[in-house]
Amino acid sequence: MKFVLIIFFLSVTLVITAQDYPLTGHFQNLNEKDIYFNGNNTLLRPATGVENDIYDSLIFSTTHSARRTWFGRKLLDEHFIVGEDERFKIIVDPAVDLRLNRDALHDLGYLNSRGIMVSGNLDSKIYFNTSFSENQGVMPFQIWDYYLNYGVIPGFGRVKSLSEYPLTGYNEYDFAAACGSFAVKVTKSLNFTIGYDKLFIGDGYRSLILSDYSAPMMYFKINAKIGKFEYNNIFTKALNPNYNNISNLPELTSVNSRYPAKFISYNTLTYKYKNWQFSLIEALVMSEELPNWQIIMNTATPFIRGAYNGFMKNPGNDLAGFNITKSFTKAGVLYSQIFIDRLFGSDRQDWALQLGYKDFDFFNMKNLFFMLEYNMASEKAYTFFDNKLHYSHYNQPLAHPAGNKFNEIIVMCAYSVKRFEFVAKMNFLKVGIKNIFDIYQPEQNYDNYYQTATAPYIVNSDFQIIYNLNRANKLQIFLSLSPRIDFVLNSDITFIQAGLRTAFRSNYYDF
C-alpha cells in the first residue's frame, strides 16, 4: 500500500504537468527537515552558521567514511578537503555541472560549469564562505527569450552571448557566478554579516518578498535576538543595467557601462510562539542620489519609514508584509505571505499573496516530501512611478519571476530511498505582466493609469531521477525531463537533460 501511494503522488504530479533541483533549501546544501521543528527562525536564507548552534552543526558536519581508498571516500562519502582542530574548521569542495541537453530548438546542447566552494569558522564566532563557477552552456527556450528582452540570464549578472547572431543563433552563453559572506558573532544575541549573495525571505518554493530568482547582490545584515523576538536589518545595493532601455532612463547603458544603482533596506521582526512563527517585513527602495544622511536615517529607522518618507516627500518605494508559519511535528508545515505595495502615499495599494503546505514524511511515509503552494499578485504590484526605483535587480524581479498580475499553483513531490531520489514538480501559471520595469511614463498619473496585458496559461513540469554520488557535497548523477506547454502560443517544448552536477544552487526555468 505504501508503494502504491508513493507511485500515485509522483504520477499525479507528472501527469498534471522547472527548477533545476527543487529540494536544496534554496541555494544551500541543507535538508529543510533538519531545520524545522527545532525552534529555528526559518524566515531568512542563506544561513552561515552564525545564526545558532543547529545551523553551525548542520553546515559544518563532516562525514568520515569507512572505505579503504582515499578516492572512494572523497568521491562517495566525504568533503574533498577538511581541515580542523579544536578552534578552526575549513571545508573545500569542487563544484561541477557537466550535462547534455536537448529540446525542439537544439538537437544537442550542453552546460559546462567548473567551480569551487569554501566554508569555514573560527571558534564558532567568525564564519565565512565563498563559491565561484565559470559556465558555458545552452539554455532552454524561455531563458533565451528572457535574454533577448532583458539582456541577462535569470539568476546571473553579466552574460556574454557565444552566438554570432544571438537573435537567431544557438542560444549559447558564457557567464560566471561568484558569492560569498563573512559573519561575526559579537555576542550570543548579536551578529553581523557582510556578503555578496542571493537572499530569500520566506518558507515556500517562491518568495513574494525577496527570492533567489535574481542575481546576487551586495548586502550587510545585523541580527539581534531578544527573548522570543528576532530582528534583522539588511542593507543591499541593487543595479539597473537598463539593457534595451527597459527602465526608460535618459541614457542607454551597455554591458561595460557603470550601471545605475539603488539601495534597498529590509527590516524583519520575528516572534516565535510554540510552533507558530510570526514575521513582520518591511522593504524600502531608495535612490543612490539621496543625501547620505537620508540613506542612513532610512536604514536605521525600522517599520515607520514609509510614513516618514511621505512626510519628507522623498520618492522612496515602500513595501511591507507578513510571513506566518505553523509547524506540526507529525503533519508538516503551513506557511503564508502577504506583501503590500505602496503602503503610504497612494490611494491604491497593490498586494501579493502566498499560501502553502509542505511535509517531509507525507502520510507518515518516511522520506516522502510533498508541497502544495498558491501564489498571486495584483496588477501593479512591485511597480513604481519612478523607473529608477522599480522592485528589481539586474533586470530581474526581486520577488516572483512572473512579475505581477499572475496566479500560480505549484505541486511538488519527491521520494528518497538510499542514494536515489525521484522528483516530480508541476506549476500551473497564469502569466500577467512580466515587465515590471517600464509599465508607465513618469509624467503620467500612476493611480489613474491602466495597463492591459495578455494572460497566457503556461504549464511547467519537471521530473527527475537522481543518484546521489556524495550527499556531503551534493554531487549527483541525474536525468531530467521538463515539458513546458504554452497554451497561448500553442507550443509544447520538452527540455531533456542528463549529467553530473553539484546541486548547491537553484536555477529557475519555470516561468
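Assess whether N468 counts as being outside any strand (DSSP E or B) and among the polar types (S, T, N, Q).
For N468, the condition - outside any strand (DSSP E or B) and among the polar types (S, T, N, Q) - is not met.
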### Message
Being touching a strand residue (DSSP E or B) at 6+ places or on another chain (Cβ under 9 Å) and under 18 Å from S61 (Cβ atoms) narrows it down to one residue among S133, S113, S119; which is it?
### Response
S119
### Task
For region 43-96, enumerate the residues that are in a loop (DSSP other than H, G, I, E, B) and farther than 30 Å from D203 by Cα.
H64, S65, A66, R67, R68, T69, F80, D85, E86, R87
### Task
Mind listing whichever residues of region 70-85 are of a type in the set (D, E, K, R) and under 28 Å from the mean Cα position of the chain (by Cα)?
D77, E78
### Task
Could you figure out which of (1) at pLDDT below 90; (2) farther than 30 Å from G72 by Cα; (3) touching a strand residue (DSSP E or B) at 6+ places or on another chain (Cβ under 9 Å); (4) not acidic (D, E) isn't true of A503?
(2)
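Mind listing whichever residues of region 348-388 are among the acidic types (D, E) and in a strand (DSSP E or B)? Don't jump to the end; show me each part of the working.
Narrowing region 348-388 to residues among the acidic types (D, E): 350, 359, 361, 373, 379, 386.
Hits for region 348-388 are D350, D359, E373.
Of all strands (runs of 3 or more DSSP E) completely enclosed by region 141-204, which ones contain at least 1 residues that are modelled with pLDDT of 90 or more? So that I can check it myself, show each step before the final result.
Details: elements: 159-161, 172-187, 190-197.
Result: 172-187, 190-197.
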### Task
Tell me which residues, restricted to region 316-331, are outside any strand (DSSP E or B) and either within 24 Å of the chain's Cα centre (by Cα) or surrounded by fewer than 24 Cβ atoms within 10 Å (Cβ to Cβ) (or both).
T329, K330, A331
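The values are calculated or read from the model by the stated rules, or taken from the named source; none is laboratory data. Everything quoted here is computed from the prediction, not taken from an experiment. Note: ideal-geometry Cβ built from the backbone for every residue, glycine included; neighbour counts use all protein chains shown.
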